[in-house]
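Here the structure comes first, spelled out in structure tokens, and everything after it is commentary.
The values are calculated or read from the model by the stated rules, or taken from the named source; none is laboratory data. All figures in this text were calculated on a predicted structure; none of them were measured in a lab. Heads up, the Cβs are rebuilt from the backbone with ideal geometry, glycines too, and the neighbour counts pull from every protein chain shown.
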Amino acid sequence: MDLDPSPDEAAFRAEARSWLAAHVPTAPLPSLETAEGFAAHRAWERILAANGWSVVSWPRRYGGRGASTTEWLLFEQEYYAAGAPGRVSQNGTQLLAPTLFAHGTAEQRARVLPPMADGEVIWAQAWSEPEAGSDLAALRATARRTSGGWLLYGQKTWSSRAAFADRAFGLFRGGPAGERPHQGLTYVMFPLDAPGVTVRPIRRLDGKPAFAELFLDGVFVPDRDVIGEPGQGWRVAMSTAGSERGLTLRSPGRFTAAAARLAALWRERADPADTALRDRVADAVIAARAYHLRACATATRETEAAASRAAETRAGEARAAETRSGTRASARATVRRAATAATARAADRQRADNPAEASVNKVFWSELDLALHETALDLLGPYGELSDAAADAPGGGRWAEGYVFSLAGPVYAGTNEIQRDIIAERLLGLDRGRR
Amino acid sequence: MWFDLDDAQREFARTLNRMLSAADTPAVARAWAAGEHGPGRALWTRLSDAGVFALAVPEAYEGVGPLPVELAVALIEAGRHAVPGPLVETVAASALLTALAEEADASAGDPGDNAQALGGTTPSTGDTPRNPDSTTPSTGHNPRNPDSTTPSTGENPQNPDSTAPSTGHNPQNPGSTTGNADDATKDAHDTARGPDDITESSARAAAGFWLPRIASGRASVTLAAPAGGPYALDADAADAVFVVEAEGPTLRLAAGHSPVQPSFDPARRLARPVPAGTVLARGRAVAAATARATDWAAFATAAQTLGVGLTLLDRTVAYAKQRAQFGRPIGSFQAVKHRLADVHVALEFARPLLYGAAVALARGARDAGAAVAAAKVAAGEAAYDAARAALQLHGALGYTDEYPLSLWFRKARALRMAWGSPAHCRARVLAG
Ligand SMILES: Cc1cc2nc3c(=O)[nH]c(=O)nc-3n(C[C@H](O)[C@H](O)[C@H](O)COP(=O)(O)OP(=O)(O)OC[C@H]3O[C@@H](n4cnc5c(N)ncnc54)[C@H](O)[C@@H]3O)c2cc1C
């Protein structure tokens, strides 16, 4: 057990570090929840993409670097340590892309992913509805069959950055129905500027139009923009929902960087006699480290799983070769070896793949993010009340903006109450409560 | 022992609650946040008609106070309805001016000792509440002419509103905290004045001028003091911006303020007073009066905070009963129930601490400051818990500016730190 990057990983990290040092904007970009900030962040995505840094873990043919989870972790660490901007393309790259990798067609991947990678098309998530929040399966917006595609009707809400985004993906009631509300949902992609779409921005706590309501009145979606089978949308969506809650949405790098800034703020400003505040700073630093180390463990498991998959493939190939060459006894031995290795890793892999693991991460990072920012504001004393619009706001308003952002963490991506239920039921095996 | 509100106090709370419920305070708060003070001022007039601002002002200055229990009752209601404006600061300034004037009375004839107040001649409370325009302006000091012996506030007698020395920014240097050259010169001049120039009369004059106006609601004032941080709340709306500077310490009527620095709670408009203007008093008396005013500020903040917390809980309970997910009201889920129950417990234990602090203040108890600090911590943490629970249990709806919950949510965060951070208050509790 060690935490040292391999020579390849270290080289990857060094390359990222020097590129970031040369390219990260010196002044923070305006908040990405504003039109101006959104445009600035989109431009930044283009710069990242032009240099192959926008989606490092994707395969090369879609604009990535084929980076392993460990490399991705290292990249994110460098990224946030360099003070680089938040990622405006995240909905697409972290939610839609994994869905397309798992359920999309080759045509969809080839068409959708490259412009997503370079920020040319920025995606909004259109899942929630006024009546369907935690109980997403209660959604009512419909997709009606029409020739060559579907027509969307109804209302979506809380769609992050939909006022500025280009396209949206979402779930609609339509297609072959079943007995449960989870059946008969269809997962589609649609343009936000299509005829029949009305976008009404909604202002979040600090007045910025961070999300929007979508009113859909006969919006046409061609068949090629349906992801997975019509009627199977729930299964498709749930298989990728883990991405939203888990590691990839909120990498440890983000929190280790914030914790480092908080510790620096403490050294700069705090009254050493204020041990209560000191303890909160220390706790945040500890929690950020814990999140980082747990992510290292996850990355290791994923690397193992990938290696074992590769070994199985190799074993299969060897088997086929041996079968062809007629050495049956040695073929049997190879099969046995492969089977043992597979069983040994199955348990691990199952754990890594259990979507409920993402819930553990979600509860942890959302509360850590909030604690980091609340502590910073307390440290700032009377200046902690200032909004990021105030000229006096410390750190260019970054703590204030970060606080507002962190407040929503326990709500979006599945509320923490729901995540705790999932942890209790699916990881601890407790009875499913009445819901 | 009778540790409960009496019938009159309960009726006072109900009256205010009715009046504020009818007043559409969310709209008033939003207008205030946008810098439109008209509706807020109208609301303040109604509050003062109900006697609220007289509660912190002694009878000698046309008030009915100080009555901390009633004040707590009133400020809880103000918090419950998200009333905007420098409520706390007006209360604190009242305590400050009262304390200074009392000190001046006590040490009259002993200039240069305790109540080192500057300028002015014979104090006069001049005008009567019934006829504010009929009088001669009466507080000591002319900001344009510090050496003048003519009593003047620089006020136009025809227009009492023009006493507001606090609008706009420093044109030369809007963001400046040091003021422009003229101010700096005047400042230096003020500072250079020796004790010989100092009498206690200007403190009494200031009290005589401002306290009746505060009590009757004709003036709203604000206050910045070291314990409250660098900003004067709602200086752009107040008729007077009082500033206590650590050096001296000195009480000054600020000549203006820097541009408003938006707060997380937009209805709290923060501006720095410019470091220039009329010096009203300096010295140990100012220190003592400021300590008292700071306790009152913390106390008033605690009361307002408790009210904010109560509304956050009420609104969230109502929402949890009505919002359904999975075919049931969310209030039927244990996670939701327990969180709301915890908030209720916390608020109900902040309440007796607040009234206990009121009793201590009323008696002038030695440990009143510690009692106030305890109440402030409890109310601040309970209200912030209430805010976090409200935000969480409203889901995304709670996270929006448009939904009125935000008016209380943002206040809970800001009030928790105002006039004594939790850490500061905790230290105060232990210091006794
Ligand atoms: C900043 C932000 C951005 C968002 N972005 C998007 C987006 O881009 N696209 C999108 O589709 N959606 C988005 N959302 C919506 C988000 O997914 C929902 O807010 C979330 O699913 C909760 O739904 P709700 O708001 O309707 O709350 P509700 O479901 O009404 O929940 C209210 C409260 O009840 C609790 N509760 C509900 N059911 C239970 C239960 N069974 N047991 C215990 N407690 C329960 C919840 O935990 C919550 O505290 C966003 C939300 C926020 C705040």
> So, of the residues in region B:258-269 that are facing chain A (nearest Cβ under 7 Å) and not in a loop (DSSP other than H, G, I, E, B), which turns out to be surrounded by the fewest Cβ atoms within 10 Å (Cβ to Cβ)?
Replying inline: B:Gln261
> Out of all the residues in region A:375-396, which are surrounded by fewer than 21 Cβ atoms within 10 Å (Cβ to Cβ) and either basic (Lys, Arg) or within 11 Å of another protein chain (Cβ to nearest Cβ) (or both)?
Replying inline: A:Asp378, A:Leu380, A:Gly381, A:Pro382, A:Ala389, A:Ala390, A:Ala391, A:Asp392
> Would you pick out the residues in region A:97-142 that are free of Cβ contacts under 8 Å to residues at least 24 places away in the same chain, within 16 Å of the ligand (Cβ to nearest atom) and among the hydrophobic types (A, V, I, L, M, F, W, C)?
Replying inline: A:Ala132
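Which residue out of A:Thr186, A:Thr198 is more than 14 Å from the ligand (Cβ to nearest atom), closer than 22 Å to A:Ala97 by Cα, away from chain B (no Cβ under 14 Å) and not in a loop (DSSP other than H, G, I, E, B)? Outline the logic, then answer.
Details: A:Thr198 fails: closer than 22 Å to A:Ala97 by Cα.
Every option except A:Thr186 fails the conditions.
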> Is there a residue in region B:242-256 that is surrounded by 24 or more Cβ atoms within 10 Å (Cβ to Cβ), over 16 Å from the mean Cα position of the chain (by Cα) and within 14 Å of chain A (Cβ to nearest Cβ)?
Replying inline: no
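When the residues of region B:1-12 are narrowed to those that are of a type in the set (A, V, I, L, M, F, W, C), free of Cβ contacts under 8 Å to residues at least 40 places away in the same chain and assigned to a loop (DSSP other than H, G, I, E, B), which ends up nearest to B:Asp401 (Cα to Cα)?
Going through region B:1-12, the residues of a type in the set (A, V, I, L, M, F, W, C) turn out to be B:1-3, B:5, B:8, B:12.
Checking the rest, the ones that are also free of Cβ contacts under 8 Å to residues at least 40 places away in the same chain come to B:1-2, B:8.
So of that shortlist, the ones also assigned to a loop (DSSP other than H, G, I, E, B) come out as B:1-2.
Working: B:Met1: 45, B:Trp2: 43 Å.
Across region B:1-12, the extreme among qualifying residues is B:Trp2.
Please work out which residue is nearest to the ligand (Cβ to nearest atom), limiting yourself to region A:401-418 and to residues that are among the polar types (S, T, N, Q) and in contact with a helix residue (DSSP H, G or I) (Cβ under 6 Å, 6 or more places away or on another chain). Break it down into steps so the answer makes sense when it comes.
Within region A:401-418, the first condition is being among the polar types (S, T, N, Q), and the residues that meet it are A:406, A:415-416.
Still in the running and in contact with a helix residue (DSSP H, G or I) (Cβ under 6 Å, 6 or more places away or on another chain): A:406, A:416.
Numbers: A:Ser406: 10, A:Asn416: 7 Å.
Step by step, filter region A:401-418, then rank; the result is A:Asn416.
Mind counting the residues in region B:406-432 that are in a helix (DSSP H, G or I) and more than 23 Å from the chain's Cα centre (by Cα)? Step through it out loud before you land on a result.
Our first condition is that a residue be in a helix (DSSP H, G or I); within region B:406-432, this holds for B:406-417, B:422-431.
Going one step further and asking which of them are more than 23 Å from the chain's Cα centre (by Cα), we end up with B:430-431.
Total satisfying the criteria: 2.
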> Can you tell me which of A:Gly170, A:Gly178, A:Gly207 is of a type outside the set (Phe, Trp, Tyr) and crowded, with 20+ Cβ neighbours inside 10 Å?
Replying inline: A:Gly170
> Going through region B:326-367 one residue at a time, which ones are outside any helix (DSSP H, G or I) and within 11 Å of chain A (Cβ to nearest Cβ)?
Replying inline: B:Phe326, B:Gly327, B:Arg328, B:Phe333
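Consider A:Ala241 carefully, then state whether it is closer than 23 Å to A:Asp388 by Cα and either modelled with pLDDT of 95 or more or within 13 Å of the ligand (Cβ to nearest atom) (or both). Even if it seems obvious, please write down each step before you answer.
Values: closer than 23 Å to A:Asp388 by Cα: no; either modelled with pLDDT of 95 or more or within 13 Å of the ligand (Cβ to nearest atom) (or both): yes.
For A:Ala241, the condition - closer than 23 Å to A:Asp388 by Cα and either modelled with pLDDT of 95 or more or within 13 Å of the ligand (Cβ to nearest atom) (or both) - is not met.
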>> Would you confirm whether or not region B:304-325 contains a residue that is free of Cβ contacts under 8 Å to residues at least 24 places away in the same chain, of a type in the set (Ser, Thr, Tyr), within 14 Å of another protein chain (Cβ to nearest Cβ) and within 16 Å of the ligand (Cβ to nearest atom)?
In response: no
